[in-house]
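Coordinate-derived values only; no laboratory data. Since this is a predicted model, take the numbers as computed values, not measurements. No Cβ is skipped: glycine too gets one built from the backbone with ideal geometry, and neighbour counts run over all protein chains shown.
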Amino acid sequence: AQKVTQAQTEISVVEKEDVTLDCVYETRDTTYYLFWYKQPPSGELVFLIRRNSFDEQNEISGRYSWNFQKSTSSFNFTITASQVVDSAVYFCALRNLGGGADGLTFGKGTHLIIQP
Amino acid sequence: DARVTQTPRDKVTEMGQEVTMRCQPILGHNTVFWYRQTMKQGLELLAYFRNRAPLDDSGMPKDRFSAEMPDATLATLKIQPSEPRDSAVYFCASGLGLAGNRDTQYFGPGTRLTVL
């Protein structure tokens, strides 16, 4: 069985602070994909990034960066110089290569509050 | 800007009534997923289609839920009869259906269902 754990239920920081959201996953597969989605107050789920298990390079996109460490089964997400618009619930998700388990397994999400 | 669309956005109904939710996947996407989001369970997969054929509906209560794809541009999720415990946000997502699950799932805005 696969599992995604986001231990931080809620994080509150002041604008311009850096913040890291943790994600730890469990899977028996050697090939898999990891995702982050953002759910703003409006409710939709917005895709942020996909990473496959063979690519451990960190990725940076503007103020967002992701750190994938296979050795610790973690895929953490950092927002640099946070802004109020970053306030949302962030979900980490896992998808295996196939064999019937084609859906996403989501963590419970981290509610990020950026205070002005 | 291609998006997954869902109707209705909000639905309030009484226990025992039939509810039908509709989803239009992104044009060209051949995989469609239905997820349900509740406070208690988080985001969970209900059913999954590829090329209009149902591949996995193990997450769906079979006695009252049914999912279909009458054509490539329409997916439906029906609940009959509805119960208060069905109250949740139902998301539809679509993807390109690339081999090895390499594709990303793009989510619609969701249907917020309240069963009184």
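A Förster radius of 30 Å, combined with the Cβ-Cβ distance separating residue B:14 from residue A:5, puts the computed FRET efficiency at roughly 0.20. Averaged over peptide A:103-110, the number of partner chain Cβ atoms lying within 10 Å of each residue's Cβ comes to 6. Label sites at residue B:64 and residue A:13, each approximated as a point 7 angstrom past Cα along Cα to Cβ, lie 4.2 nm apart. Can you give the local net charge around residue B:107? Use residues other than it whose beta-carbon is closer than 12 angstrom to its beta-carbon, Lys and Arg +1, Asp and Glu -1. Charge balance in the 12 Å sphere: +1. Between residue A:42 and residue A:29, the modelled labels are 3.1 nm apart [label points 7 Å from Cα along Cα→Cβ].
Over the protein assembly as shown, what portion of Cα pair distances is larger than 30 Å, expressed as a whole percent? Roughly 25 percent, once rounded to a whole number.
Specify whether the C-alpha gyration tensor of chain B places it in the rounded, prolate or oblate class, a ≥ b ≥ c being the square roots of the eigenvalues: rounded for a/c under 1.5, otherwise prolate if a/b is larger than b/c and oblate if not.
Because a/c hits 1.5 or more and a/b exceeds b/c, chain B counts as prolate.
Based on the alpha-carbon gyration tensor of region A:51-108 and its eigenvalue square roots a ≥ b ≥ c, which shape applies: rounded if a/c is under 1.5, prolate if not and a/b is larger than b/c, or oblate? It comes out oblate by the Cα gyration axes.
Could you work out how much longer the chain between residue B:98 and residue B:40 gets when fully extended? Use 0.36 nm per residue separation minus the Cα distance between them, nm to one decimal.
Gain on stretching residue B:98 to residue B:40: 17.7 nm.
Semi-axes of the equivalent ellipsoid for chain A, please: Cα gyration tensor eigenvalues, times 5, square-rooted, ordered largest first, whole Å.
25, 15, 12
With K and R counted +1 and D and E -1, the other residues having a Cβ less than 11 Å from that of residue A:96 yield a net charge of 0.
Spatially, region B:41-58 and region A:78-94 are offset by 27 Å when compared through their Cα centroids.
Compute the longest continuous run of chain B that contains no exposed trypsin sites (Lys or Arg not before Pro); treat a site as exposed when its DSSP state is not H, G, I, E or B and it has at most 16 other Cβ atoms within 10 Å. Kindly include the intermediate steps, with their values, before the conclusion.
On the way: sites that count: B:3, B:9, B:40, B:52, B:62, B:64, B:102.
It works out to B:65-101.
Here, region B:56-105 is characterised by an Rg to Rh ratio of 1.02, where Rg is the alpha-carbon radius of gyration and Rh the Kirkwood radius.
Please say if region B:1-56 is rounded, prolate or oblate, where rounded means a/c under 1.5 for a ≥ b ≥ c the square roots of the C-alpha gyration tensor eigenvalues, and otherwise the choice is prolate for a/b larger than b/c and oblate otherwise?
Prolate shape, in that a/c is at least 1.5 and a/b is the bigger ratio.
Across peptide B:40-48, the mean count of Cβ atoms from other chains lying within 10 Å of each residue's own Cβ comes to 4.
When only the Cβ of Lys, Arg, Asp and Glu is charged (+1, +1, -1, -1), the dipole of chain B relative to its Cα centre reaches about 160 debye.
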